[in-house]
Every structure is written in C-alpha cells, then in structure tokens.
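Q: This structure is in structure tokens; I'll ask about it shortly.
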Amino acid sequence: MDKLWSALSDKTRRDILVLLHKKDMNAGEIADNFKISKPSISHHLSILREAQLVYSHKEGQTIIYSLNRTTLRDVSKFITLLMK
C-alpha cells in the first residue's frame with residue numbers, strides 16, 4: 001500500500017494515469033504529452049507498475065500500458081470509507 005500512495009504523490013504519475021484513463025498507450029505516446037525525457041517517463045511507468053496502478057503487455061516489440069482499474073476501485077473504496 002505504501003508504494004501505491006508514493007506513486008500517487010507525484011503529479012507526473014497522476015497525469016499519466018489520466019492519459020491512460022482515456023486509452024491504452026505505449027511509452028512513446030505517453031512521453032509525447034510531457035516535456036521530460038523518455039527515460040524519466042519509463043521510470044514513472046515502472047513506479048506505477050510496481051504500485052499495480054498500471055499493467056503492461058507486449059504487442060510485437062511494443063509495450064502497451066493500461067490502467068489497472070481494479071486497483072483504482074480499491075483505492076476509491078478505501079477513500080470513500082474514510083469519508084464516512
């Protein structure tokens with residue numbers, strides 16, 4: 001759970017999640033939306049994967065990143081519980 005909150009604490013990672021909410025993307029497509037290096041984007045994606053907020057799969061030689069909606073639902077339920 002600590003990795004999850006740490007991952008969510010960074011604005012760039014939250015912005016990546018918003019992009020992936022719209023559609024699945026590869027790292028290059030994600031990087032095109034930011035003014036930081038591709039290695040930095042890869043680092044952010046690695047942190048998001050470790051926190052189980054995104055998952056990846058290969059299509060040929062390309063890695064496609066997708067939002068892990070199950071984890072986000074669990075986070076939402078937890079926050080909703082705290083708000084009661």
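Q: Quick one: residue 41 ticks every box in (1) touching a strand residue (DSSP E or B) at 6+ places or on another chain (Cβ under 8 Å); (2) assigned to a helix (DSSP H, G or I); (3) open to solvent by less than 20 Å² (accessible area, probe 1.4 Å) bar one, so which box is it?
A: (1) is the only condition that residue 41 fails.
Q: Also, quick follow-up: Within the stretch 44-53, is even one residue at pLDDT below 95 and either in a loop (DSSP other than H, G, I, E, B) or acidic (Asp, Glu) (or both)?
A: Restricting attention to the stretch 44-53, the residues satisfying the condition of being at pLDDT below 95 are none.
No, there is no match, as no residue in the stretch 44-53 is at pLDDT below 95 and either in a loop (DSSP other than H, G, I, E, B) or acidic (Asp, Glu) (or both).
Q: In the set 22, 77, 11, 58, which member is modelled with pLDDT under 95 and either of a type in the set (Lys, Arg) or in contact with a Ser or Thr (Cβ under 8 Å, 6 or more places away or on another chain) (or both)? It would help to see each step written out before you state the result.
A: Working: 22 fails: modelled with pLDDT under 95; 11 fails: modelled with pLDDT under 95; 58 fails: modelled with pLDDT under 95.
When all the criteria are applied, what remains is 77.
Q: Let me ask you something else. Among the residues that make up the stretch 53-72, is at least one of them touching a His at 6+ places or on another chain (Cβ under 6 Å) and in contact (Cβ under 8 Å) with a residue 12 or more places away in the chain?
A: Applying the first criterion (touching a His at 6+ places or on another chain (Cβ under 6 Å)) to the stretch 53-72 yields 64, 67.
So of that shortlist, the ones also in contact (Cβ under 8 Å) with a residue 12 or more places away in the chain come out as 64, 67.
Yes, the stretch 53-72 contains at least one residue that is touching a His at 6+ places or on another chain (Cβ under 6 Å) and in contact (Cβ under 8 Å) with a residue 12 or more places away in the chain.
Q: Could you please give the count of residues in the stretch 1-34 that are of a type outside the set (Gly, Ala, Ser), within 16 Å of residue 62 (Cβ to Cβ) and surrounded by fewer than 13 Cβ atoms within 10 Å (Cβ to Cβ)? Reasoning before the result, please.
A: First, pick out the residues of the stretch 1-34 that are of a type outside the set (Gly, Ala, Ser): 1-5, 8, 10-26, 29-30, 32-34.
If we keep only those that are within 16 Å of residue 62 (Cβ to Cβ) as well, we get 20, 23-26, 29-30, 32.
Keeping just the survivors that are surrounded by fewer than 13 Cβ atoms within 10 Å (Cβ to Cβ) gives 23, 32.
Final tally of qualifying residues: 2.
Q: While we're looking at this one, here's another question. Somewhere in the stretch 67-80, is a residue in contact with a Gly (Cβ under 9 Å, 6 or more places away or on another chain) and open to solvent by less than 90 Å² (accessible area, probe 1.4 Å)?
A: Residues of the stretch 67-80 that are in contact with a Gly (Cβ under 9 Å, 6 or more places away or on another chain), as a first pass: none.
No, every residue in the stretch 67-80 fails to be in contact with a Gly (Cβ under 9 Å, 6 or more places away or on another chain) and open to solvent by less than 90 Å² (accessible area, probe 1.4 Å).
Q: Take the residues in the stretch 44-55 that are open to solvent by 20 Å² or more (accessible area, probe 1.4 Å) and either of a type in the set (Ser, Thr, Tyr) or in contact with a Ser or Thr (Cβ under 6 Å, 6 or more places away or on another chain) (or both); name whichever of them is farthest from residue 10 (Cα to Cα). Working first, answer last.
A: In the first step, residues of the stretch 44-55 are kept if they are open to solvent by 20 Å² or more (accessible area, probe 1.4 Å); the result is 44, 46-47, 49-50, 52, 55.
Filter again for either of a type in the set (Ser, Thr, Tyr) or in contact with a Ser or Thr (Cβ under 6 Å, 6 or more places away or on another chain) (or both), leaving 44, 46, 52, 55.
Details: 44: 9, 46: 13, 52: 15, 55: 18 Å.
If we take residues in the stretch 44-55 being open to solvent by 20 Å² or more (accessible area, probe 1.4 Å) and either of a type in the set (Ser, Thr, Tyr) or in contact with a Ser or Thr (Cβ under 6 Å, 6 or more places away or on another chain) (or both), then 55 is farthest from residue 10 (Cα to Cα).
The values are calculated or read from the model by the stated rules, or taken from the named source; none is laboratory data. What you see is a predicted model; the values in this text were computed from it and never measured. Heads up, the Cβs are rebuilt from the backbone with ideal geometry, glycines too, and the neighbour counts pull from every protein chain shown. What goes into the accessible areas is simple: the full protein's heavy atoms, side chains included, and nothing from ligands, DNA or RNA. Shrake-Rupley method; radii C 1.70, N 1.55, O 1.52, S 1.80 Å.
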